[in-house]
Each structure stands twice: as C-alpha cells, then as structure tokens.
Amino acid sequence: MAGSAPRGAGRRLSPRRRARRIRALQYAVLVALVVAAALLADWRLIGKSFFDPQLIRYTLLHGFVDALWHTAAYTAGGFLLGLLAGTLLALMRLSEVAPYRWLATIYIEFFRGLPALVVFMAFSLLPLAFSGLTLPWYPYGPAWAALGIVGSAYMAETIRAGIQAVPRGQVEAARSLGMSAGQAMRKITLPQAFRIMVPPLTNELIMLIKDSSLVFVVGLSASGFELTMFGRSMANSNVNITPLVVAGLGYLAITLPLSILVRRMEARA
Amino acid sequence: MPATSEPLIATRDLHKWFGHNHVLQGIDFAVARGEVVCVIGPSGSGKSTLLRCLNLLERPQRGAVLFHGEDLVDPDCDIDAVRRHIGMVFQQFNLFPLHNALRNCTVALITVLGMKRAEAEHIARANLERVGLADKIDALPASLSGGQQQRVAIARALSMDPQLMLFDEPTSALDPELVGEVLAVMRKLAEAGMTMIVVTHEMTFARQVADRVVFMDDGGIVEQGPPEEVVGAPREQRTQDFLQRVLDPVHTG
C-alpha cells in the first residue's frame, strides 16, 4: 500500500494540486456572485432606502445623541448592577451553606433559560402583583433593574468560573499568612479572578448592549427611547430604512471600541 | 535538643483520612523551639499532609495539634491569629502573580496586621535583602527564576516574623542548578536560630542542617533521631530501603 501510493498518484491529482484547484473554484464562485449582484440589483433604490444622505443628517440631528446616550446609560447601569448581583450569586453558589447554593442555582438557571424579552414583559407587569411598586429614576431605574436581573444570571456563572480558575495554592498562601477567608477572597482571589474574566465579561457586556434594545417593553415613553426604538420610530415615520442603519451604526460605535480595548488589555496581561 | 522544655508545636494521636485513604495513622510528634527537623519518606507516606495539618491547611479528623499548648483543632481556636506566627513555604511557591516581590511581602502585613505601608515596606525590604533579592523588589513573579521565586516566598513568610517555619518540599519544583540558592537561604535561617520543619528529599541538607530527621512511611513515623543515625546508620529496614532508593537510584530496580 505505502509503496504503491506515489506511483498511483500519476493518474490522480496530488493533494496539494487538488487543494489549489478547489481554491481557484472558490474564487470563481465569489467573483460570479459579485458580478451578479452588481448587474442585477437596483443600486439607486437600495442607496435611497438604506443610505439617504438627507435622512442620515436628519436622524443624527433629531434625537440620535439622546438615543445613543440612553443605550449606553441603560447598559452601563445594568452591567454594574449585574456585576454586583452576579458576584453575590457566584459567592452564594460557592457557599458552604447548601440553601444559598440552591437559591443561586435556581435564580441563575431560571433567568438564563428565559428569553430576555419575556423577563422584561413580566417585569413591566409587576405592579399588578405589587400594587404601588414604582422604581425611582425613570427611565433609568426600570431599565437598569431589568437588564441587571438578566445580566446577573449570566455574569454569575462567569464570575464563579473565574474564581474557581484561581489556583488553590493562592488561597492557601494567603490563609497561611493569617488572612481570613474573606480577606483572601477580596485581596488575592477576586483580583486574579476578574483578570481571568475580562474577555467573557466583555462578551456579556456586548450581549447586554443588544438586550438593551428590548427594555422598551418595561414601558418607556419616547423621551426614554434607546437606539433601536428611536431608529424604528424614525424609520416608520419616514418610510425609509436609513434611520435604522444609523441606529445600527450607533451600536457599532459602542461595541467596536470596546472589542479593541479588550484586545489591548488581553495583549498586555 | 532541649527535650525537657515544652515543645513549640506538637501533635497528639493525629489522624487524617482522604476518603477511605488513612493518610495519617496516629502521629505523635513534637518540635522544640530552635529545632530544625527534616521529615523524609516516600511519596504518599503522609509527610506533606502532616506538615499541612500543623497550620491546619488540612483539618485532621482526630487528634490534636498543639501550638504553645493551644489546640488548633479546637473550634474555639482563632486559627487566623495562630497562622500569623507560623510561616509556610510551598513546593509551587504560590506567589501572588499580580503583585511584585515587595507587595508579595507587604500585603499580609497591611491586610492582617493593619500596618502602615511605609513600615511594611521597610520590613519587606529587609527580608528580601536577607534572601539576597534586594535588587528584585519591583519584579513580578513571572519574571523571576524558580529559585528567586522561592526565595521571595521565604521572604514573604519571614516578613510576618514567624516563630515557626514550615517548608513543604521547597526545592522539588526547581531545576537542579537552582536548588542550591534556596537551600543556602534555609541554612542561614537555621543558623540564625529559626524553628524549622522541612519536608524534603534533599538528604545532604538533612544531614548537614537538621537537628533531627524523621522518617515517615505509610502514615506513621518509622524512626527519628539525629541525622547521622537516621540517614547515616538507619536501624529500620524500611528506612534503609528508602535511603537506598534515594541515594543510589540507578542501582535499585
């Protein structure tokens, strides 16, 4: 078998030649698709529907900055709240008191398993069960609470994994120096754990930015619109997609610098 | 060895199980102030577990660990307070990777003892100097060699001004050419009168530095005494077999 393989290759293509042909075919398909798109699409209509320059200007000047601010503020507050609650939940999951572990597990599995939209809808109906319940700092309070509830469930698992990724010897060294369990956690374990958690926590921040597009269901009026609701209402009233494109670019304006920042931090660590 | 004075640390009928594995089978063991004790024995003999029971990193299921006569196993004992007086050096160094050498030495002084930063740094500098690393105070652990890391770990433990130092195979993770610098620091420490319990495979160190060598096997102390007896002329067959394997590994199957 082994001896006959090189000779038999005379008829069939060698693996590298075959790979080269397949690659050439892939380029050919790509070029064909681009040419077809260029010839068949109505570029004037597409340009006018997606990138109408006048409408871009109008969108940017009439509420875009407010919407961008609301998206950023809802997300930032929700993330901070989620980080605090998530740390607490992670510590509960690692607790020696079994009921704390159970409670944290139930919370995490419940809110991770439900669509964020369902949680937000239920959240908006809470006053039905708790009459007179109103959250302060409208529109920020309700948005922060809703995003914090969902975010904390995701972040708790990330934080727990980060804490457990810190080698046991670190805690032993800290405890052998006389630190209490709490001091070792705060001074030694958590700083290292958060360092480990930066990439996954950033993913969760980006997810939360996108989830912030759903908080309108907790009952926000036009004055509290974030990017998605703003873009949608502008698109509807102008019968044009351009405002939604602008809103989408608004998201990228937040998420892209974030990704770059994290990549830098990872390179430095 | 002042055998009559009250021991600094002692164990009484110490038992430890890991699952069904009876790792320590009733250890009675005492170390006097100023004594240097080397614990030797095959892997799995329980020597590291015994050492880790002495500052309660492992919790024994039965028996007592007495430090100045106070039982550390007793739930009423403030173990954090006791550990301030018992330094520990680990096989894997366990330096805090985000802190430089100086911060590694000061973090406990500041956190545990509530010391002012300047005072803590003064103490840390003195101890880093003592282990020959005065020029490395700003270095992060990752930028240090294994031998330097272990010396920082010793300085970190010494900064708490302990009455007793525990060494858990301090040179086992080191490249052979780096073992000497760590042993030299430990020898200096012993000569300065520090009470030390050293779990080790370094027979030369045991022979030259130890006041007493303890040979453990199968969760018990098989024999103990001055190094010239236990290492030089062991009485027990098991000790002889072990030393044969350690000192002449090429000729034992």
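The values are calculated or read from the model by the stated rules, or taken from the named source; none is laboratory data. Since the structure is predicted, the reported quantities are computational estimates derived from the model, not experimental observations. Counting neighbours? That spans all protein chains shown, and the Cβs are built from the backbone with ideal geometry, glycine included. Only protein heavy atoms, including side chains, enter the accessible area calculation; ligands, DNA and RNA are left aside. Shrake-Rupley method; radii C 1.70, N 1.55, O 1.52, S 1.80 Å.
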(request) Would you mind stating whether B:Ala157 is under 21 Å from B:Ser48 (Cβ atoms), surrounded by fewer than 16 Cβ atoms within 10 Å (Cβ to Cβ) and touching a Gly at 6+ places or on another chain (Cβ under 7 Å)? (result) no
(message) Being surrounded by fewer than 21 Cβ atoms within 10 Å (Cβ to Cβ) and in contact with a Leu (Cβ under 8 Å, 6 or more places away or on another chain): is that true of A:Gly113 here?
(response) no
(message) Which condition from (1) over 25 Å from A:Arg263 (Cα atoms); (2) in contact with an Asp or Glu (Cβ under 9 Å, 6 or more places away or on another chain) is the one that A:Gly151 breaks?
(response) (1)
(request) Answer yes or no: is there a residue in the range B:25-43 that is open to solvent by 30 Å² or more (accessible area, probe 1.4 Å), within 13 Å of another protein chain (Cβ to nearest Cβ) and among the charged types (D, E, K, R). (result) no
(request) Answer with yes or no whether A:Val217 is away from chain B (no Cβ under 13 Å), open to solvent by 10 Å² or more (accessible area, probe 1.4 Å) and assigned to a helix (DSSP H, G or I). (result) yes
(message) Within the range B:120-134, does at least one residue satisfy the condition of being away from chain A (no Cβ under 11 Å), part of a helix (DSSP H, G or I), open to solvent by 10 Å² or more (accessible area, probe 1.4 Å) and closer than 27 Å to A:Phe194 by Cβ?
(response) yes
(request) Filter the range B:97-119 for residues that are open to solvent by 60 Å² or more (accessible area, probe 1.4 Å), part of a loop (DSSP other than H, G, I, E, B) and more than 12 Å from chain A (Cβ to nearest Cβ) and give the result. (result) B:Lys116
(request) Return yes or no: is B:Asn94 within 20 Å of B:Met196 (Cα to Cα), within 11 Å of chain A (Cβ to nearest Cβ) and under 22 Å from the mean Cα position of the chain (by Cα)? (result) yes
(message) If the requirement is being among the hydroxyl-bearing types (Ser, Thr, Tyr) and either open to solvent by 80 Å² or more (accessible area, probe 1.4 Å) or at pLDDT below 90 (or both), which of these qualifies: A:Tyr74, A:Tyr107, A:Tyr100?
(response) A:Tyr100
(request) Using the structure shown, decide if A:Glu204 is surrounded by 18 or more Cβ atoms within 10 Å (Cβ to Cβ) and either within 14 Å of another protein chain (Cβ to nearest Cβ) or in contact (Cβ under 8 Å) with a residue 12 or more places away in the chain (or both). (result) yes
(request) Could you look through the range B:55-70, keep only residues that are surrounded by 23 or more Cβ atoms within 10 Å (Cβ to Cβ) and out of contact with any Asp or Glu (no Cβ under 8 Å at 6 or more places or on another chain), and pick out the one that is nearest to the other protein chains (Cβ to nearest Cβ)? (result) B:Asn55
(message) Considering only residues that are in a helix (DSSP H, G or I), among the aliphatic types (A, V, I, L, M) and either open to solvent by less than 50 Å² (accessible area, probe 1.4 Å) or more than 10 Å from chain B (Cβ to nearest Cβ) (or both), which ones fall in the range A:157-184?
(response) A:Ile159, A:Ala161, A:Ile163, A:Ala165, A:Ala173, A:Ala174, A:Ala184
(message) If I ask for residues that are hydrophobic (A, V, I, L, M, F, W, C), touching a helix residue (DSSP H, G or I) at 6+ places or on another chain (Cβ under 7 Å) and open to solvent by 30 Å² or more (accessible area, probe 1.4 Å), which ones from the range A:230-252 would you list?
(response) A:Ile241, A:Leu244, A:Val245
(message) Is it the case, given these coordinates, that A:Gly78 is touching a Phe, Trp or Tyr at 6+ places or on another chain (Cβ under 7 Å), part of a helix (DSSP H, G or I), small (Gly, Ala, Ser) and on the phi > 0 side of the Ramachandran plot?
(response) no
(request) Would you check if there is a residue in the range B:71-86 being part of a loop (DSSP other than H, G, I, E, B) and within 7 Å of chain A (Cβ to nearest Cβ)? (result) yes
